[in-house]
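Novice: Got a structure here, written out as structure tokens. Questions coming.
The values are calculated or read from the model by the stated rules, or taken from the named source; none is laboratory data. Just so it is clear, the model here is predicted, and its values are computed rather than measured. Here the Cβ positions follow ideal geometry from the backbone for every residue, glycine too, while neighbour counts run over all protein chains shown.
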Amino acid sequence: MDEATTTTAPGPATDPAAETLALLREIRDRLADNAGEVLDPEGAARFVHVALGTWHRLHLAGMTPKAAYISDRCLVWSRRELHAWILAGAPSRRKWETQRDSAMKRA
């Protein structure tokens, strides 16, 4: 048989849960590689020098910049955005959204 007519058996059926888990691990690894770029809740709390519980309360009250949700339970903040937010006086999320672009340019 020549190579052109050789066929391979189809691979095993893929498991959607396993694919999802693999994707989440890849995202986690990429975030770890860019640790200086994004912060998880613990990192964000450390960055602004508050306790983790305080950070969660501020976030839930709309007093922090909007987080990026990587999954239903995994959220991160941009270190650069948190820096600009602090320099702007740590305004509420609503106010921050109106001044974010100009503040980010200054930071």
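Novice: Quick check, is A32 modelled with pLDDT under 80, touching a His at 6+ places or on another chain (Cβ under 8 Å) and small (G, A, S)? Before you say what the answer is, go through the steps one by one.
Specialist: Numbers: modelled with pLDDT under 80: yes; touching a His at 6+ places or on another chain (Cβ under 8 Å): no; small (G, A, S): yes.
Judged against the criteria, A32 is not a match.
Novice: Please enumerate the residues belonging to segment 62-107 that are assigned to a loop (DSSP other than H, G, I, E, B) and closer than 30 Å to L24 by Cα.
Specialist: Residues of segment 62-107 assigned to a loop (DSSP other than H, G, I, E, B): 62-67, 70-74, 88-92, 107.
Answer for segment 62-107, where residues must be assigned to a loop (DSSP other than H, G, I, E, B) and closer than 30 Å to L24 by Cα: G62, M63, T64, P65, K66, A67, I70, S71, D72, R73, C74.
Novice: Further question on the same structure: Among the residues of segment 39-80, write down those that are farther than 26 Å from T98 by Cβ, under 12 Å from the mean Cα position of the chain (by Cα) and of a type outside the set (G, A, S).
Specialist: If the condition is that a residue be farther than 26 Å from T98 by Cβ, under 12 Å from the mean Cα position of the chain (by Cα) and of a type outside the set (G, A, S), then D40, D72, R73, C74 are the ones that fit.
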